Ligand SMILES: [Zn+2]
């Protein structure tokens, strides 16, 4: 096995050449100051990459990823990213995106303990234990249900950070979104909640209430199909 990764460096040369051929000013534009409108907080899973699933070029989305897309309010990494994105880049939207079949979420439902990862996943484990009955009632969908609940919980935690609170207090436009991605069809689902102010945040049902009332999030493709059906049957 080679100690170096020359094949990846070769691919990089080919990629840069292809980009320049199809778009001669691409790297000139990329070398300018970044002005992304979106902050993406997602899972470290190698199959969920923000730019790809959003079909956005580099420069359009600021990204933070960790296992199971957890917002720990003592995590200097996520807080630094959040502060920079909100205060300096002035992103208008924060997308908290989970995904179905998340290995981190699945681990939080198991009895395995002892790894550092289990400390990281503790908020999920606590939520699961509190609502074990209704999550287990989902049977084969128990992990996916927990993936959805995790997104909803993390949006709430994000909305409670002083960084987001201060932005709203000074009248800065900032919208939070909870989405979930499915590997099997490549589609994002808008799960919610959508939050644009402290008033909206404070009016939200608690995560414990939400655990008792599951909803099926819809992809844009399904929403479009429903709209077409409604228009033709009206
Ligand atoms: Zn994951």
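The values are calculated or read from the model by the stated rules, or taken from the named source; none is laboratory data. Computed from a prediction, not measured in an experiment: that's the story for all the values here. Methodologically, a virtual Cβ is constructed for each residue, glycine included, from the backbone with ideal geometry; neighbour enumeration extends over all protein chains shown.
Right, residue 71: assigned by TED's automatic domain parsing to the domain that holds residue 173, touching a helix residue (DSSP H, G or I) at 6+ places or on another chain (Cβ under 8 Å) and buried (at least 22 other Cβ atoms within 10 Å of the Cβ) or not? Give the steps one after another, and end with the answer.
On the way: assigned by TED's automatic domain parsing to the domain that holds residue 173: yes; touching a helix residue (DSSP H, G or I) at 6+ places or on another chain (Cβ under 8 Å): yes; buried (at least 22 other Cβ atoms within 10 Å of the Cβ): yes.
When the stated conditions are applied, residue 71 passes them.
Going through segment 10-47 one residue at a time, which ones are within 16 Å of the ligand (Cβ to nearest atom) and in a helix (DSSP H, G or I)?
none
Here are 98, 104: which of them is in the same structural domain as residue 71 (by TED's automatic domain parsing), within 16 Å of the ligand (Cβ to nearest atom), at pLDDT 95 or above and not in a helix (DSSP H, G or I)? I'd like the intermediate steps shown before the answer.
Values: 104 fails: not in a helix (DSSP H, G or I).
Being in the same structural domain as residue 71 (by TED's automatic domain parsing), within 16 Å of the ligand (Cβ to nearest atom), at pLDDT 95 or above and not in a helix (DSSP H, G or I) holds for just one of 98, 104, which is 98.
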